[in-house]
Amino acid sequence: MNNNSFSIKLYHGYGHTHNLVVYGHAFKFRAESKQNYSNNLFVNIRYLFRLFLLKPYPRAEVRLTFENQVILQQTEYDGFFKFEWQAAENISAGWHNVKAELLDEHGQVLAECSGNVYVPHITQYAFISDIDDTVMVSHSATIGRRLRELFIKNPRTRKTFQNVARHYELLALSHTDAAHPNPFFYVSSSEWNLYDYLLETFRFNKLPEGVFLLNQIKRWKNLIKTGKTGHEGKLIRVMRILDAFPNQKFVFFGDNSQQDPDIYSSIALRYPKNIEAIYIRNIRPERTAYTEALLAKVEELHIHTCLFTDSQQAIDHSAGIGLISLDKI
């Protein structure tokens, strides 16, 4: 339900009984941005532009309803809000529905939406993956090529690396069943503006459903700077996930086009018992030796590592260390 042009958006959340987290944004205005998956350059540019055509709603009241609990929160200066709470009763593993309402100063509902929170089994693996140049071909280290990829392609024509979806699907079902998949967290320096774009790309390419953790929202005038900030923020976002699930064993996926090897190795040094393996896609051959040196230090902590150029190599490695059952390959 929308009243005038006010709107509210929830993103997939995560957690367990004692620590549930969900993020969202409130807007005074947000352009309609229905994608028709055209191959026309100007249609795609218009769609992308409209994802950044918005006016956040700062210091607004948001009401979250989860089962019988009601929690109030205020949005930040950019319309962003975060709910973090403890469930009144034990929560079963799986997806759980939440509802958010944007309120005016009199407590009247301006807009509402629903979302989902994922609770994994405590015994499961959890996977944290970068997006650009790890899952999707993005050329993120080169501004011209990165923008060309973003402007020319639509969510269904963006190219993902061969076998990456197969690898992630095998991992999602590792030591579990289809009803209780292992959780995936997709962490990126891309902005929240691109959430629907990325969600459609991942669903179209049959990548596991997961929780996206993106970067601060941008306005249209900063569109050409998309994806260029937030590497230190990425480090913080990954550590928050580990703090939320102290009993899970994590596997990281990234690439060496930018900062992933540094970020993941520094986290491994801080949380050595929580990390099962680190996978780095070798996007920049000139950084191979540097990446190998970082991963060698990680190996000393008895953490598996794999520097790969093709996802089939990563699949074989996962099978070799028991992450994937050989009978499923």
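The values are calculated or read from the model by the stated rules, or taken from the named source; none is laboratory data. The shown structure was predicted, so the numbers you read here are calculated from the model rather than taken from an experiment. With ideal geometry, Cβ positions are generated from the backbone for all residues, glycine too; neighbour counts draw on all protein chains shown.
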Qualifying residue in the range 266-279 (condition: more than 21 Å from Q162 (Cα to Cα), in a helix (DSSP H, G or I) and in contact with a Pro (Cβ under 6 Å, 6 or more places away or on another chain)): no
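Take the residues of the range 26-49 that are in contact with a strand residue (DSSP E or B) (Cβ under 9 Å, 6 or more places away or on another chain) and farther than 19 Å from E105 by Cβ: which is surrounded by the most Cβ atoms within 10 Å (Cβ to Cβ)? Let's see the steps before the verdict.
Our first condition is that a residue be in contact with a strand residue (DSSP E or B) (Cβ under 9 Å, 6 or more places away or on another chain); within the range 26-49, this holds for 26-31.
Within this subset, residues satisfying the condition of being farther than 19 Å from E105 by Cβ are 30-31.
Working: R30: 23, A31: 16.
Across the range 26-49, the extreme among qualifying residues is R30.
Taking into account only those residues within the range 280-329 that are among the hydroxyl-bearing types (S, T, Y) and not in a loop (DSSP other than H, G, I, E, B), which is farthest from Q259 (Cα to Cα)?
Narrowing the range 280-329 to residues among the hydroxyl-bearing types (S, T, Y): 288, 290-291, 305, 309, 311, 318, 325.
Retained after the next criterion (residues that are not in a loop (DSSP other than H, G, I, E, B)): 288, 290-291, 305, 311, 318.
Details: T288: 13, Y290: 12, T291: 10, T305: 16, S311: 20, S318: 23 Å.
Top of the filtered list is S318.
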Total residues in the range 2-35, condition modelled with pLDDT under 90, closer than 30 Å to F185 by Cβ and not in a strand (DSSP E or B): 5
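Every residue, every condition in (1) within 30 Å of A277 (Cα to Cα); (2) of a type in the set (A, V, I, L, M, F, W, C); (3) outside any strand (DSSP E or B), yes or no:
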position: Y47; (1), (2), (3): no, no, yes
position: T65; (1), (2), (3): no, no, no
position: K99; (1), (2), (3): no, no, no
position: L102; (1), (2), (3): no, yes, no
position: L110; (1), (2), (3): no, yes, no
position: G115; (1), (2), (3): no, no, no
position: F127; (1), (2), (3): yes, yes, no
position: S138; (1), (2), (3): yes, no, yes
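Anything in the range 82-106 that is hydrophobic (A, V, I, L, M, F, W, C) and exposed (fewer than 15 other Cβ atoms within 10 Å of the Cβ)? List them, or say none.
A88, W95
Residue by residue, here is whether (1) buried (at least 20 other Cβ atoms within 10 Å of the Cβ); (2) assigned by TED's automatic domain parsing to the domain that holds S129; (3) modelled with pLDDT under 95 holds:
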position	(1), (2), (3)
K249	no, yes, yes
Q258	yes, yes, yes
S265	yes, yes, no
R281	yes, yes, no
T288	no, yes, no
V298	yes, yes, no
T309	no, yes, no
Q312	no, yes, no
Residue, modelled with the lowest pLDDT, within the range 133-152, restricted to residues that are touching a helix residue (DSSP H, G or I) at 6+ places or on another chain (Cβ under 8 Å) and buried (at least 19 other Cβ atoms within 10 Å of the Cβ): S140
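Give the residues of the range 5-20 that are in contact (Cβ under 8 Å) with a residue 40 or more places away in the chain and surrounded by fewer than 17 Cβ atoms within 10 Å (Cβ to Cβ), sorted by residue number.
Answer for the range 5-20, where residues must be in contact (Cβ under 8 Å) with a residue 40 or more places away in the chain and surrounded by fewer than 17 Cβ atoms within 10 Å (Cβ to Cβ): T17, H18, N19.
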Answer residue from the range 50-63, given it is closer than 22 Å to Y197 by Cβ and charged (D, E, K, R) and is surrounded by the fewest Cβ atoms within 10 Å (Cβ to Cβ) among those: K55
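Do you know which residues across the range 279-329 are among the hydroxyl-bearing types (S, T, Y) and closer than 23 Å to L170 by Cβ?
Initially, the range 279-329 is screened for residues among the hydroxyl-bearing types (S, T, Y), giving 279, 288, 290-291, 305, 309, 311, 318, 325.
Y279, T305, T309, S311, S318, S325, listed by residue number.
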